[in-house]
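J.: Take a look at this one; I'll ask things after.
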Amino acid sequence: MARHILFIHGGGGESAYGEDRLLATSLENVLGAAYEVHYPRMPLDESAGYADRKAQLAQELSAADRPLIIVAHSVGASILLKFLVEERVTQSIAGLYLLAAPYFGGDKDWDYRELSLPQDFAAQLPATPRIFLYHSRDDEVVPFAHLGLYAAKLPQATVRVSEDRGHQFGNNLSDVAEDIASGETPTGREHRHPDDAATI
């Protein structure tokens, strides 16, 4: 039976769904037939708020009949975290793979209370054996510093830093696919490409 992956796309208007589809397709192509990538369209119109996205997330998770692997990009990752913290999630989650997630409330440009997390949000997440955080230093949308904010709150997470893949990771998620397929126990250590600098 194929492993089930739920991919949550980012925000930013109608174009976000199409742009992130390239990421979901990359993941699906690298992983192959052993995995099924489900890529639902989340509410994107200007009037849609967290409540609309929360309702669809609840629907997507409730439809899962086996442990879920969840990959989420940008604002989609932030929304997912807020949902997992605030709602009673009964579905088993095998892993969270969070790509370029903005940390709302982390700085004045991202001070959006509707999506801000409580200070102790990590303690409120459902049990998840594998958490990975990904960010590129040249991200032109979400400040790279937000990765450090999440890493400090989630010391159990494995951090993947890249140098020049931008907000869309060059439309290539082969590293994420490798992490999903590897099955190795996350160590909480930071992993970098050889040319990356020494600090987050």
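Any read-out appearing in this document is the output of simple, stated calculations on the displayed coordinates, not a laboratory observation. Quantities reported herein were computed from a predicted structural model and do not represent experimental measurements. Methodologically, a virtual Cβ is constructed for each residue, glycine included, from the backbone with ideal geometry; neighbour enumeration extends over all protein chains shown.
J.: Taking the Cα of SER15, stepping 7 Å toward and past its beta carbon, and measuring to each backbone N in the range 138-160: which are under 15 Å?
T.: Only 140-142 pass the distance filter.
J.: Using just the helices of the chain, give the 222 nm mean residue ellipticity in deg cm²/dmol: DSSP H runs with n ≥ 4 each add -39,500 (n - 2.57), and the total is spread over all residues, rounded to 500.
T.: Details: 6 runs with 64 residues, N = 200.
Mean residue ellipticity, 222 nm, calculated: -9500 deg cm²/dmol.
J.: Based on the Cβ-Cβ distance from LYS54 to ALA181, what FRET efficiency comes out when R0 is 30 Å, to the nearest 0.05?
T.: Values: r = 30 Å, r/R0 = 1.00.
FRET efficiency, LYS54 to ALA181: 0.50.
J.: Amide H to amide H under 5 Å from SER162: which residues, 5+ apart in sequence or cross-chain, H placed 1.01 Å off N in plane?
T.: Result for SER162 returns HIS135, SER136, ARG137.
J.: Work out which helices of the chain, taken as complete DSSP H runs, extend at least 15 Å along their axis over the Cα atoms and score a mean Kyte-Doolittle of 0.5 or more, then list them. Walk me through the numbers on the way to the answer.
T.: On the way: long enough: 15-31 (25 Å, 0.03); 50-62 (18 Å, -0.88); 75-86 (16 Å, 1.69).
Qualifying helices, which must be both long enough and hydrophobic enough, are 75-86.
J.: If I model a spin label at SER116 and SER62 as a point 7 Å from the Cα along the Cα→Cβ vector, what separation in nanometres do I get?
T.: A separation of 3.0 nm, rounded to one decimal place.
J.: Each residue of the range 154-166 in order: what ³J(HN,Hα) in whole Hz does its phi give by Karplus 6.51 cos²θ - 1.76 cosθ + 1.60, θ = phi - 60°, with x for Gly and Pro?
T.: 10, x, 7, 6, 8, 9, 10, 9, 10, 9, 9, 9, x
J.: Kirkwood-based Rg over Rh for the chain (C-alpha set), two decimals? Before the final figure, lay out each step's value.
T.: On the way: Rg = 15.5 Å, Rh = 16.9 Å.
Rg/Rh for the chain comes to 0.92.
J.: Here's a follow-up. Any idea how far the Cα center of the range 16-66 sits from the one of the range 68-145, in Å?
T.: If we compute the Cα centre of each part, the gap is 15 Å.
J.: Between ALA145 and GLN124, what is the FRET efficiency for a Förster distance of 22 Å, r being their Cβ-Cβ separation, to the nearest 0.05? The partial results should precede the final answer.
T.: Working: r = 23 Å, r/R0 = 1.07.
Efficiency for this residue pair is about 0.40.
J.: Then there is this: Considering amide H positions built from the backbone, and no H for Pro or chain starts, which residues 5 or more places from TYR35, or on another chain, come under 5 Å of its amide H?
T.: Amide H neighbours of TYR35: ARG3.
J.: Also, I was wondering about something else. Taking a ≥ b ≥ c as the square roots of the Cα gyration tensor eigenvalues, with a/c under 1.5 meaning rounded and otherwise prolate when a/b beats b/c, else oblate, which class fits the range 98-143?
T.: Details: a/c = 3.19, a/b = 1.19, b/c = 2.68.
Cα axes put the range 98-143 in the oblate bin.
J.: Need one number: the % of Cα-Cα pairs in the range 18-94 sitting beyond the 21 Å mark. Write down the numbers at each step before the final one.
T.: Numbers: 876 of 2926 pairs.
The share of Cα pairs beyond 21 Å in the range 18-94 comes to 30 percent.
J.: Of the candidates VAL142, VAL75, VAL89, which one comes out as most mobile in a Gaussian network treatment of the chain with C-alpha springs shorter than 10 Å?
T.: VAL89
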